[in-house]
1. Output the residues belonging to the stretch 49-91 that are of a type in the set (Gly, Ala, Ser) and either assigned to a helix (DSSP H, G or I) or in contact with a Ser or Thr (Cβ under 6 Å, 6 or more places away or on another chain) (or both).
2. Quick test for you: out of ALA44, ALA14, ALA22, ALA36, pick the one residue that is closer than 30 Å to GLY107 by Cβ, over 18 Å from the mean Cα position of the chain (by Cα) and hydrophobic (A, V, I, L, M, F, W, C).
3. Could you list all residues from the stretch 49-84 that are more than 24 Å from ARG212 (Cβ to Cβ) and open to solvent by 20 Å² or more (accessible area, probe 1.4 Å)?
4. Which residue pairs have Cβ atoms closer than 8 Å, lie 6 or more positions apart in sequence or on different chains, and pair a first residue in the stretch 236-248 that is buried (at least 21 other Cβ atoms within 10 Å of the Cβ) with a second residue that is basic (Lys, Arg)?
5. In this structure, is ALA191 out of contact with any Cys (no Cβ under 7 Å at 6 or more places or on another chain), open to solvent by less than 20 Å² (accessible area, probe 1.4 Å), over 20 Å from THR24 (Cβ atoms) and modelled with pLDDT under 95?
6. Quick one: in the stretch 2-47, which of the residues that are among the hydroxyl-bearing types (Ser, Thr, Tyr) and at pLDDT 85 or above is nearest to VAL274 (Cα to Cα)?
7. Pick out, from the stretch 264-376, the helices (runs of 4 or more DSSP H) lying fully within it that include 2 or more residues that are modelled with pLDDT under 90 and open to solvent by 30 Å² or more (accessible area, probe 1.4 Å).
8. Condition test on SER337, is it among the hydroxyl-bearing types (Ser, Thr, Tyr) and farther than 25 Å from LEU74 by Cα?
Amino acid sequence: MKSDYHFNRNQLLALASIILLAPTMRLFPHAAADYARQAAALSAPAAIPVMLMYIYLITELMDSRHEGEGIAELCLRLLGAGVGRAVLFILSAWLLLYSGFILRAGGDRMITTVYPYSNPQSFVIVMGILSVLAALTSARTIVRSAKIILPLVYGIIICVIFFSFFSVSKENLLPVTIEDAVPVIKSSFAAVNVLTGVIFFICFFAAFMPKRRHSFRDYSLWMCLMVLLISCMCITVVGSFGAELTSTLTWPFFSLVRNLVFFNSLQRVEALVVSLWIFPDFLLASMLIYSAQHCIRLALGESNPAYSGEKLFCMSKKRWVIPLCGVITITCGLLISPNPMQMDTWSTKIIPLINFVFVFLFIPCLYFYGKAKKKL
C-alpha cells in the first residue's frame with residue numbers, strides 16, 4: 001500500500017495559483033475599477049507592503065511548526081486541548097461556509113455568462129458531490145491535480161491578456177495623478193483579502209509538506225507574480241471597457257473574452273474559457289472541505305486524521321465527518337443568497353469581512369500567544 005502522501009512547496013504553490021483564480025475573477029477588476037477608476041491597475045501593487053508584512057508573520061509562524069504540523073495541529077499545541085478544539089470547530093465552520101459560497105459563486109458565474117436560463121442549484125449540488133469525493137482521497141491528490149491543470153488554465157489567461165492588449169485604449173488608463181493615491185489604497189483591500197486568504201488556506205496543507213525554512217522568499221515571489229497577473233488583468237479589462245463600464249459588469253474578465261476575436265476567425269470562446277473555471281472552484285472547494293474535516297477529526301480526538309490509503313468509502317477513523325462536511329457545504333451553497341441580487345453583498349462585504357477576521361486577527365493572535373508562552 002502506498003504510504004507517501006506528501007508533496008513539496010512548489011506543488012503547494014501551484015495549488016495556491018489555481019485556487020486564487022476563483023476569488024480573483026469574482027473581485028477583479030470590478031472592485032478595483034469601482035474605487036480607483038482609471039488607476040485600477042495600481043490596486044494590486046499597492047497591496048505589496050501589507051502582503052510582505054503578512055507573509056513574514058505567517059511564515060514565521062509556520063517555520064516554527066514541528067514536522068507534520070499545519071495550522072490545525074499548531075492550534076492544538078499552542079492553545080491546549082480545550083481552547084484549541086473550540087478554535088478548530090470555529091475554523092472548520094468558516095471553511096465550510098466559504099466552500100459553500102465558492103460553489104454558489106461558481107454557479108452564479110455559469111448562469112450569468114453561459115447558461116442564463118438555468119439555476120445555480122444544480123451546479124452547487126454536482127460540484128459539491130465531486131468535491132466531497134476529492135476530499136475522501138489524499139491532500140496530495142488535490143495538489144497534484146492543480147499541478148496538472150495549472151499550465152492549461154494559465155496558458156488560456158496569458159493568451160486572453162495578450163490578445164486583449166490590442167484593444168486597450170490609453171485614454172481609459174490615463175491620466176493617473178496624486179489624487180488617485182487614496183482611491184488606489186482603498187481598492188488594494190480586495191487584493192490583500194484575496195492573496196492573504198489563499199495563503200491562509202494553504203497553511204492547512206502544510207502538515208503534508210516536509211519542514212523547510214526560507215518560506216518567506218518563496219511565498220513573496222509567488223505573491224509578486226500573482227500581483228503582476230492581477231495588474232495585467234486590470235490593464236486589459238479597464239483599458240478595453242473603461243472604468244465606468246468595468247465597475248458595472250459582474251464578470252468583466254469573461255465579458256472581455258466574449259468580445260475577443262482570435263486570428264480574425266475564432267470567436268465566441270467564452271463558454272470554453274468560463275468552463276475552465278470549474279477547476280479552480282472544484283479544487284478550492286475540495287481543499288476547504290478536506291481542511292475542515294481534518295480540523296473536526298482532530299478536535300474529536302483522532303490523533304492522525306491524514307489519509308493513509310483507506311478505501312474511498314471507508315468510514316473508519318471518523319471519516320464519516322467528510323460526507324457530513326459535504327452536506328454542510330452543499331446546504332450552505334443552496335442557502336447563500338437565494339436571490340441573485342444579494343450575491344454582490346456576500347461577495348464584496350460579508351465574505352471579505354469574515355476572511356479579514358481570521359486572516360488578520362486569528363493568525364497574529366496565535367503567533368504572539370505562542371511566542372509569549374515560548375511554544376514557538
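The values are calculated or read from the model by the stated rules, or taken from the named source; none is laboratory data. The structure displayed is predicted, hence computed values, not measured ones. Positions of Cβ are generated from backbone atoms using ideal geometry, with glycine treated the same way; all protein chains shown enter the neighbour counts. Surface areas here come from the heavy atoms of the whole protein model, side chains and all, with no ligands, DNA or RNA. Shrake-Rupley method; radii C 1.70, N 1.55, O 1.52, S 1.80 Å.
1. Of everything in the stretch 49-91, those that are of a type in the set (Gly, Ala, Ser) and either assigned to a helix (DSSP H, G or I) or in contact with a Ser or Thr (Cβ under 6 Å, 6 or more places away or on another chain) (or both) turn out to be ALA72, ALA81, GLY82, GLY84, ALA86.
2. ALA36
3. Of everything in the stretch 49-84, those that are more than 24 Å from ARG212 (Cβ to Cβ) and open to solvent by 20 Å² or more (accessible area, probe 1.4 Å) turn out to be PRO49, VAL50, LEU79, GLY80, ALA81, GLY82, VAL83.
4. Correct list of pairs: GLY239/LYS170; ALA243/ARG37.
5. No.
6. In this case the residue turns out to be THR24.
7. Result: 270-276.
8. Answer is yes for this residue.
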